[in-house]
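Comments concern the structure below.
What follows draws every value from the coordinates through simple rules; no lab data is involved. Remember, predicted model here, so these are calculated numbers, not experimental data. Note: ideal-geometry Cβ built from the backbone for every residue, glycine included; neighbour counts use all protein chains shown.
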Amino acid sequence: MGEQGKVLLRVFISADGLSADLGLWSNDIETAYLYKHVTANARDVVLVVDHSKFSAPSLFQICGWEKVSRVVTDTAPDAAWVSFFEERGITLVLPGAPECDTPGDSSTQKP
């Protein structure tokens, strides 16, 4: 199988900013380019961000929300973000939450 045919099973990425309307964003073009290709070739994308990234779009778009199955963050986002994730079947994982192995599980994991 050539380089173009590779599919990644699960990838973990971060972002510099998040927008409910426009997805994941990066501050630099190289990271956005790399993550855009990684997420395009992944079956499961886990987003790892701290609370300061919510509703803070950055300069370069990485991707939309359609590939993200989980968001791992340090503090629960506001109710609008929680609803946003639930509506899309994206699992929210917070510190102290039990481990969850089901991609796309729509339940919010809380401590």
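Relative contact order (percent) for the range 8-93, with alpha-carbon contacts under 8 angstrom and 6 or more residues of separation?
33
Computed from the C-beta positions of residue 74 and residue 33, the FRET efficiency with R₀ = 25 Å rounds to 0.40.
Assuming a ≥ b ≥ c are the square roots of the Cα gyration tensor eigenvalues, decide whether the range 8-93 counts as rounded (a/c under 1.5), prolate (otherwise, with a/b larger than b/c) or oblate. All intermediate terms of the calculation are to be shown ahead of the outcome.
Values: a/c = 1.76, a/b = 1.23, b/c = 1.44.
Because a/c hits 1.5 or more and a/b fails to exceed b/c, the range 8-93 counts as oblate.
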